[in-house]
Structure formats: structure tokens, C-alpha cells
Amino acid sequence: MVDSSLALVSSFFCSLAMRLGSDPVIAQASIFGGFVLGRTVGIAIGGAPNLFIMALLVGEIAGLLVALVLLRQLSRSTRAQ
């Protein structure tokens, strides 16, 4: 259920971003940024997580970094035009 919900919500926000004339990469960066922030606050409040939660955090950080790199490339290509 978690995986299908993540795909559904991500798809919704990406399609919403496209309809509003924005780039879906912004939506993805925001989604992963929220995941990382929420997971970090949860770790700060609840203490050290188990291995599964740490693996999720690593994946979320990787997703955020990829989205930020793509967003930076997008802004560079927009400025070049």
C-alpha cells in the first residue's frame, strides 16, 4: 500500500505541476524534500531508527539530490535561452 500510495501522490503532484505550467521536477524535489525533512524530524524526536528506516532515508536523500541536480540543470538551460 505504501508504494502504490507514493506513486499515486507523486503522479498527482507532477500532473498538477504540469497543468499549472510549472516543471514536474519542482514537484518531485518538494515531495522528496518533505520526506527527508519528516524523516529527520522523526529521528530527532524518536531516536535512532532501525535499519529499514535508515534505508528509506538514504533512498529519499538520493531522490532529493537527483531532483535538485535536475532542477539546477533546468534553471541553467532556461537562463541560457
Report task. Among the residues of region 23-52, write down those that are surrounded by 14 or more Cβ atoms within 10 Å (Cβ to Cβ), more than 21 Å from residue 11 (Cβ to Cβ) and of a type outside the set (Lys, Arg). Result -> 43, 49
Requested in this report: State which residue is modelled with the highest pLDDT when the search covers only region 53-76 and only residues that are exposed (fewer than 12 other Cβ atoms within 10 Å of the Cβ) and more than 23 Å from residue 13 (Cα to Cα).
Outcome: 55
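Kindly establish whether residue 62 is free of Cβ contacts under 8 Å to residues at least 12 places away in the same chain, within 15 Å of the chain's Cα centre (by Cα) and part of a helix (DSSP H, G or I).
Numbers: free of Cβ contacts under 8 Å to residues at least 12 places away in the same chain: yes; within 15 Å of the chain's Cα centre (by Cα): yes; part of a helix (DSSP H, G or I): yes.
The answer is yes for residue 62.
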Report task. Assess whether residue 17 counts as being surrounded by 14 or more Cβ atoms within 10 Å (Cβ to Cβ), touching a Cys at 6+ places or on another chain (Cβ under 6 Å) and not charged (D, E, K, R). Result -> no
Query raised in the report: Out of all the residues in region 17-52, which are touching a Pro at 6+ places or on another chain (Cβ under 9 Å) and among the hydrophobic types (A, V, I, L, M, F, W, C)?
Result: 17, 18, 43
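The values are calculated or read from the model by the stated rules, or taken from the named source; none is laboratory data. Here the structure is a predicted model, which is why all the values come from computation and not from measurement. Quick reminder, even Gly has a Cβ in these numbers, built from the backbone with ideal geometry, and neighbours come from all protein chains shown.
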